[in-house]
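Notes follow the structure.
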Amino acid sequence: MDNVARQRDEAGEPMDNGAEAKAAHDLVKDAVTKAAEDLAESRSKISTALDGGELERARHIAEEALRRWPRDYGLRIRRAEILQRLNDPAAAIEGYLELGRESAEGHWPLLRAVRLLRDSGDLAQAREVFAAEIWSGPAPEDAKLRGLGWLVPATDDNDDAAGFLERLAGAPEPALAAAALSKLAEFKARQGREEEARRVLARIGSIETAPLRARAVEADLMLAEGRAADLLPLARQLAAEEPDQIDHARRLVGALFLAGDPEEATEALTAALERWPGDWVLLSRFNVLAAPRERIEHVVDLATRRTDPAALPEISRFQIALSLLNLRRTEEALGLLNGIVPDGVTGAMSEPLRRILETMPAEVWDRYSRLGDDRAAEVQVVPCDGAQTAILVFGGATGGHSYLPFCYFDALFAGLPAHMIYLRDARMRGYLRGLKSFGGSLEGTVAGLRDLLADMKAERVVTLGASIGGHAAARIGAALSADAAVLLGAPTTFDTGPIQGERASPYNRMHRIRRWAKILASASPNADLVDLFAANPDTRNFYYFASGTARGDHNAARLIGVANVVLRPVPVLDQSALPLDIIGTAFWDQLLHEDLGLPG
């Protein structure tokens, strides 16, 4: 007998079945309401603790609540999230997998487990869970396609990725099989295996519902092969058909770069950055352009006001810092650079730049730099009264000395008796077709520089450049009969073959280098520096290279025995970091006083 009935019986009251039922219902309702309120309160306490950064307290509350409600989905998800934030990925993964496997609708916890497995370094297990439990399971198509993009990262250069994608391509659903094949073709194209990529694309043609992605991969192959005429209309079409896809915006910008159209590339980049202001790929493309100051200010405003830079990936912050430096906003740029982990992937690029910038306060950089840098100008001159030496500095891909803008680089020459001539190729062709400012031909550029040097009454000419700028310093220096050319980490040829021992690069940099080399080779098929040096014995060439690296040693080996070449091995870890790493070292003093011949 329940409590209500017993109380009535003891009081001698008659039993009322209707009243009894209502009382029992009210008791149950009150208990259920109280339990729901308690559960909501526990969830609220967990959220408050998390918002306050009290992770251990949040875990304690979640564990207590789960003892009362052990099957509650929301609490179990919260516990896994807390464990993930407490840097206990194994326990978090176990929680996500358990939840995902209990329900046919559990693909979201499974996707979280896959992503956490990947981020924890277990890419093989992440792929196994994805293939066996998500791709082959009842998850919706959009969830499967989202996960697919996570598991073949841009830096993955091994055949395990190809095997994984072949496994997924066996899906019975045509759309999924085609998506996996498209990703496989993209992967092979990224590795420079264009013929294999085309064979995969042909397989997609046999599938009834081939996705738009296949056409995008076709566009990527055209980009890799330097086929600007075919690529540009397709890239425009893709961007028009799917305007919300950032990859199509990136692809269109790449097509415009390939076509050598910096003006339209600037417009397309600006429009894309207005939609995706923190995207590092778009920002890195923008930092290559010879853009006017007002356009740089607009892009920086987009990146710093429409986003929270601190919340962006490190590579995006690095690119924003480069744009800030182009505006000479040193302290703001340093604020972003200082937040990048020095020994991380991005830190390998940012740390040499940060070290140089911190050698002097911002106002000292401004005081010593004589250059009001204008990135839209292909030629800028800093004359020096009474100087007999003229130094031609050829900007690299970013339009400066590696990542250091010319307005900072010039400060390093303050007080030295030399005219400084700073050059950048606005058409992004490595100076192989000359500068637009001198009529757009190599011959016209050499003639224009001769006239400029004659006006300065320079008795001695030396050239200097890093990377592609170093290649130009050698070629144009020889054409000008320069006394010396100094090359820092420069390619000796545009041969696009891989170099034995060269590792896959972060952000897929080596594939982009090889692709760009193809474009440059098409502009000038006879650009081998070994032949150039032999044909111009009167110009001395000082070749700085990263000793102990595959690319540095490969280039240096090609120059051994060339009479007018002096090899300068530098013990740095990356050929691309060399131009900044030597500044402020004994190598820099050697460059200034022995190689360029400036007084000490």
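The values are calculated or read from the model by the stated rules, or taken from the named source; none is laboratory data. On a predicted model such as this, the values are computed, not experimentally measured, just so you know. Here Cβ is always computed from backbone atoms with ideal geometry, including for glycine, and neighbour counts include all displayed protein chains. Just the protein is used for accessible areas: all its heavy atoms, side chains included, with ligands, DNA and RNA removed. Shrake-Rupley method; radii C 1.70, N 1.55, O 1.52, S 1.80 Å.
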The Cα radius of gyration of region 352-403, divided by 2.2 N^0.38 Å with N its residue count, comes to 1.32
Each label sits 7 Å from Cα toward the beta-carbon; between R57 and Q245 the label points are separated, in nm, by 4.8 nm
Proximal lysine pairs in the chain, meaning Cα under 27 Å and 8 or more positions apart or interchain, come to 9
Carbon and sulfur atoms account, in whole percent of the 1.4 Å probe accessible area of the chain, for 51 percent
Dimensionless Rg/Rh of region 372-595, both radii on Cα and Rh by Kirkwood, sits at 0.93
Note: the chain at 25 °C, 0.890 mPa s; Kirkwood Rh on alpha carbon pairs; Stokes-Einstein D in µm²/s works out to 88 µm²/s
In order over region 475-488: 3J(HN,Hα) from phi, Karplus 6.51/-1.76/1.60, θ = phi - 60°, whole Hz, x for each Gly or Pro, gives 5, 6, x, 4, 5, 8, 6, 4, 5, 8, 10, 10, 10, 10
Zone reached by a paramagnetic label modelled 7 Å from N564 Cα along Cα→Cβ, restricted to region 445-464 with backbone N below 13 Å, covers 463
Per the helix-only model, the chain has a calculated mean residue ellipticity at 222 nm (DSSP H runs of ≥4, -39500 (n - 2.57) each, divided over all residues, rounded to the nearest 500) of -17500 deg cm²/dmol
Rounded to 0.05, the calculated FRET efficiency for the beta carbons of L66 and R146 at R₀ = 41 Å is 0.90
Distance in nm between E41 and A310 label points, each 7 Å along Cα→Cβ, equals 3.5 nm
Loop-resident GluC sites (Glu not before Pro) in region 328-435 with no more than 14 other Cβ atoms inside 10 Å, DSSP not H/G/I/E/B, are E358
At the level of C-alpha centres, the distance separating region 392-406 and region 260-308, in angstrom, is 19 Å
Ordering 393-406, 120-133 by per-residue average of other C-beta atoms within 10 angstrom, highest first, gives 393-406, 120-133
The ³J(HN,Hα) series, computed from each phi in region 407-417 with the Karplus coefficients 6.51, -1.76 and 1.60 at θ = phi - 60°, rounded to the nearest Hz and given as x for glycine or proline, is 5, 8, 4, 4, 4, 6, 10, 4, x, 8, x
At R0 = 22 Å the Cβ-Cβ FRET efficiency linking H593 and R355, nearest 0.05, sits at 0.50
FRET efficiency for D301 and V364 from the Cβ-Cβ distance with R0 = 30 Å, rounded to 0.05, comes out at 0.65
